[in-house]
Amino acid sequence: MSESNAEKTVKPLDTFRIVQAIIAVLFVIFLSWRLYSVISAGIYGPDTWLRFTISGLIIGSVYSVIAIGYTLVYGILFMINFAHGEIMMLGAFAGYFVLEGLNGLVVDQAAGVSFLDQYQILSVILAFVVGMVMAAIVGYYLEKIAYRPLRGAPRLIPLISAIGASIFLQNAAQLIFGPKRRTYQNPSALTRSVGWRIPISGEEVILTYTGALTFVLSILLLVGLYVLVQRTRFGRAMRAVAEDKQTAALMGINVDSVISTTFVISGALGGAAGVMWGIQNGIIYHYIGFIPGLKAFTAAVLGGIGNIPGAMLGGIFLGIVESLGPAALGIDFQLKDVIAFSILVLVLIFRPSGILSEVLTEEKV
Amino acid sequence: MAMLEVNDIHTFYGNIHALKGISLTVEENEIVTLIGGNGAGKTTTLRTISGLLSPRHGQVKFEGEDISSTPAHELVYRGITMVPEGRGIFSRLSVSENLDMGAYSREDKSKLQDDYDRVFQLFPRLKERRKQVAGTLSGGEQQMLATARALMASPRLLLMDEPSMGLAPILVENVFETIKQINKDGTTILLVEQNATVALSVADRGYVLQTGEIVLKDNADNLKKDEMVRKAYLGID
Ligand SMILES: Nc1ncnc2c1ncn2[C@@H]1O[C@H](COP(=O)(O)OP(=O)(O)OP(=O)(O)O)[C@@H](O)[C@H]1O
Ligand SMILES: [Mg+2]
């Protein structure tokens with residue numbers, strides 16, 4: 001039966017594929033031409049390209065960590081947790097208050113040295129731990145309050161609830177923390193825009209300490225998550241629940257608690273991303289979760305939503321593209337968001353299952 | 001006291017009254033079969049016993065305790081495991097990961113290796129394929145995997161929903177040989193089947209289900225001789 005179906009659908013699919021291919025080729029020609037004219041004009045030296053690549057990798061790794069949060073939840077509940085960006089924002093605030101508090105805590109009265117500067121590593125760890133725990137708690141209750149009662153409802157309903165939760169959390173944050181922009185108090189070793197100097201063709205490119213921390217920590221979180229999902233008993237339970245909730249229950253898995261835990265993990269990752277965002281970018285306010293949330297969602301879609309390695313690669317890819325894109329195309333840097341969201345639209349139109357999905361499923365099966 | 005006692009259960013899907021007062025018992029070490037045509041309510045009965053559904057009226061008792069509203073994942077720890085209709089293989093997990101899922105509820109990890117050995121002895125084919133992704137197994141192998149996975153939970157009562165579904169006759173025979181073996185090894189079995197011929201050949205007793213009600217119950221030999229069963233389910237006039 002499936003064979004006859006395939007025969008029937010071959011024809012229309014082919015024309016669609018041809019149109020896709022033509023558009024893709026035109027697009028690539030256009031990109032190459034822009035790239036060629038930009039490079040031949042020699043506007044940017046190798047140092048600039050390196051700078052863009054580094055910043056793309058850093059921001060991309062943060063997108064990856066946020067994107068995993070979307071993809072984990074989607075993989076298990078088939079819903080997009082649009083409030084995830086707000087969870088990240090709340091995590092950023094939690095980390096902010098920890099660093100503020102430790103900065104105000106003077107440990108050496110005579111020299112006036114704060115805890116933050118005395119125990120720098122410990123302070124940063126504390127900021128991350130508290131940020132992650134707070135965000136995890138928000139994720140846990142978000143699921144309990146906004147999504148669990150809607151389980152089994154048509155898929156549009158929890159989506160609306162998610163958008164509502166997102167708006168609610170944003171406004172709650174504005175109400176509680178006020179609309180003002182706050183500066184993240186980094187310990188002195190993590191002073192922003194200070195870092196290693198890489199000499200390249202007579203120029204210097206700075207690899208900031210905050211950027212390196214962000215990148216390394218993101219990779220650690222991604223690896224940790226991958227190990228959790230692939231190698232542990234809980235990870236197996238999660239994958240079982242993602243595939244078939246009823247059969248998972250028949251194995252003795254408490255499906256509700258696996259779903260709760262998934263939100264906790266997803267929230268903790270969002271919280272870590274929030275603290276990284278604060279340490280790296282320096283400014284936080286109630287709205288900072290929104291755009292990174294959408295970008296990370298784009299990254300997750302790009303990698304095939306529900307697909308964990310896909311979300312990781314999608315995040316890094318998006319970070320690099322939006323960082324290099326404006327320069328490569330010779331357009332205004334303000335347009336980097338346009339690039340990111342154009343990618344989202346293009347992927348949703350031409351490849352809604354994600355760029356990686358086919359490769360990965362073929363490999364797995 | 002019967003191991004499993006189902007007393008006059010009524011189960012609904014929304015407004016659909018799927019079970020209209022089912023009562024049955026399963027004694028320890030028995031094989032009991034539930035036969036009936038499409039939509040009779042066989043699957044619904046098993047799902048109600050296994051805790052995936054709860055009855056609106058009536059009671060399910062396991063070893064004397066009321067389990068009518070105990071969720072499925074807790075019943076596994078009490079010793080009830082189900083091989084669901086359509087097998088419910090985790091197709092993206094490997095064969096051995098599927099077996100690990102079956103052992104999810106096991107607390108006595110020491111005996112686990114023995115159980116792996118036992119299921120691989122019952123189903124040598126699975127041992128060869130243990131690294132393979134379960135979705136790529138043939139139908140027969142998937143049935144073996146589903147059964148093996150259920151055994152990994154070390155159940156005292158095993159509920160099986162149409163294990164013969166979609167299998168070639170030769171494989172069906174195999175499956176039922178295995179069911180007999182599992183029962184001999186000390187597992188009580190409640191078996192749902194449309195294929196009444198084979199089901200009655202292994203079962204001690206049987207119930208005949210029609211549109212949500214039990215219309216006949218007897219020991220397997222008598223059911224095989226019953227006029228109505230012969231006509232409706234054995235295809236003999
Ligand atoms: N999820 C559901 N929602 C609504 N009605 C259902 C649902 N599942 C089953 N039913 C109805 O309940 C009745 C009993 O179904 P059940 O699946 O228990 O039958 P069955 O005896 O297992 O049939 P089969 O041999 O075809 O598997 C049928 O009338 C069916 O249409
Ligand atoms: Mg059925």
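Worth a mention:
- Among the residues of B:65-76, the average count of other protein chain beta-carbon atoms within 10 Å of the residue beta-carbon is 3.
- Only one residue of A:GLN230, A:GLY325, A:PHE350 has its Cα farthest out toward the positive end of the dipole of the stretch A:211-357, where Lys and Arg carry +1 and Asp and Glu -1 on Cβ, and that residue is A:GLN230.
- Of the peptides B:196-209, A:289-302, A:40-53, the ranking by mean beta-carbon count within 10 Å, highest at the top, reads A:289-302, B:196-209, A:40-53.
- Per-residue average of Cβ from other chains inside 10 Å of A:240-248: 6
- Per atom type, chain B shows carbon and sulfur on 44% of its accessible surface, probed at 1.4 Å.
- Contact order relative to length of chain A, as percent, for alpha carbon pairs under 8 angstrom and 6 or more apart: 31
- Extreme residue, positive dipole direction of the stretch A:44-350, given options A:ILE160, A:LEU221, A:TRP277 (C-beta unit charges): A:ILE160
- Computed over protein heavy atoms with a 1.4 angstrom probe, the accessible surface ordering of A:TYR96, A:TYR209, largest first, is A:TYR209, A:TYR96.
- Relative to the Cα centre, the charge distribution of the protein assembly as shown, modelled as +1 at Lys and Arg Cβ and -1 at Asp and Glu Cβ, gives a dipole magnitude of about 1060 debye.
- Hull-based mean projected area of the stretch B:145-237, where the convex hull spans the alpha carbons, in square nanometres: 6.5
- Remark: accessible area buried at the A-B interface is about 2100 Å², both chains counted, probe radius 1.4 Å.
- Here the accessible area of chain A is 69 percent carbon and sulfur, with a 1.4 angstrom probe and all protein chains present.
- Where A:ARG197, B:ARG118 fall by accessible area, highest first, once all protein chains stay in place (1.4 Å): A:ARG197, B:ARG118
- In this structure, the residue pairs whose Cα-Cα separation is over 28 Å, taken from A:LYS245/B:LYS224; B:LYS131/B:LYS184; A:LYS144/B:LYS109; B:LYS184/B:LYS225; A:LYS144/B:LYS111, are A:LYS245/B:LYS224; B:LYS131/B:LYS184; A:LYS144/B:LYS109; A:LYS144/B:LYS111.
- Between B:VAL83 and B:LEU159, B:MET160, B:ASP161, the built amide H atoms are under 5 Å apart, and every one of these is 5 or more places off in sequence or on another chain.
- Comparing A:GLY252, A:GLY178, A:GLY75 in a Gaussian network model of chain A, where Cα atoms under 10 Å apart are tied by springs, the biggest mean-square fluctuation is seen for A:GLY252.
- A:TYR70 sits among other residues whose Cβ lies under 13 Å from its own Cβ, and their net charge, with Lys and Arg +1 and Asp and Glu -1, is 0.
- Taking other residues whose beta carbon is less than 14 angstrom from the beta carbon of B:GLY212, and scoring Lys, Arg as +1 and Asp, Glu as -1, yields +2.
- Integer Hz, Karplus 6.51/-1.76/1.60 couplings in order for the stretch B:208-219, x for Gly and Pro: 10, 10, 9, 5, x, 9, 8, 9, 7, 8, 5, 6
- Sequence-distant contacts, meaning Cα pairs under 8 Å at least 6 residues apart, place the relative contact order of the stretch B:86-237 at 20 percent.
- Estimated vicinal HN-Hα couplings, Hz - the stretch A:70-86 in sequence order (Karplus 6.51, -1.76, 1.60; Gly, Pro = x): 5, 5, 4, 5, 5, x, 9, 10, 6, 10, 9, 7, 5, 7, 4, x, 6
- Computed from Cα atoms, the angle from the helix B:112-122 axis to the main principal axis of chain B rounds to 70 degrees.
- Note that the stretch A:44-350 shows a convex hull volume over its alpha carbon atoms of 143 Å³ per residue.
- Here the protein assembly as shown yields Rg over Rh of 1.08, to two decimals, using C-alpha coordinates and the Kirkwood radius.
- Computed with every protein chain present, the accessible area of B:MET165 is close to 80 Å² [probe 1.4 Å].
- Distance between the stretch A:25-77 and the stretch A:79-104 - C-alpha centres, whole angstrom: 26
- Counting Lys and Arg as +1 and Asp and Glu as -1 over every other residue whose Cβ lies under 14 Å from the Cβ of A:TYR209, the net charge comes to +2.
- Average accessible surface area per residue within the stretch A:44-350, 1.4 Å rolling probe, Å²: 41
- Euclidean distance of C-alpha centroids, the stretch B:103-157 and the stretch B:86-102, integer Å: 9
- Rolling a 1.4 Å probe across all protein chains gives A:TRP277 an accessible area of roughly 40 Å².
- Rg over Rh, two decimals, the stretch A:21-114 (C-alpha only, Kirkwood Rh): 1.23
- Check: the stretch A:44-350 dipole with +1 on Lys, Arg Cβ and -1 on Asp, Glu Cβ, in debye: 660
- Cα centroid separation, the stretch B:1-47 to the stretch A:118-165 (Å): 42
The values are calculated or read from the model by the stated rules, or taken from the named source; none is laboratory data. Every value quoted in this text rests on a predicted model; they were computed, and no experiment measured them. Heads up, the Cβs are rebuilt from the backbone with ideal geometry, glycines too, and the neighbour counts pull from every protein chain shown. Protein only, heavy atoms only, side chains kept; ligands, DNA and RNA dropped before computing areas. Shrake-Rupley method; radii C 1.70, N 1.55, O 1.52, S 1.80 Å.
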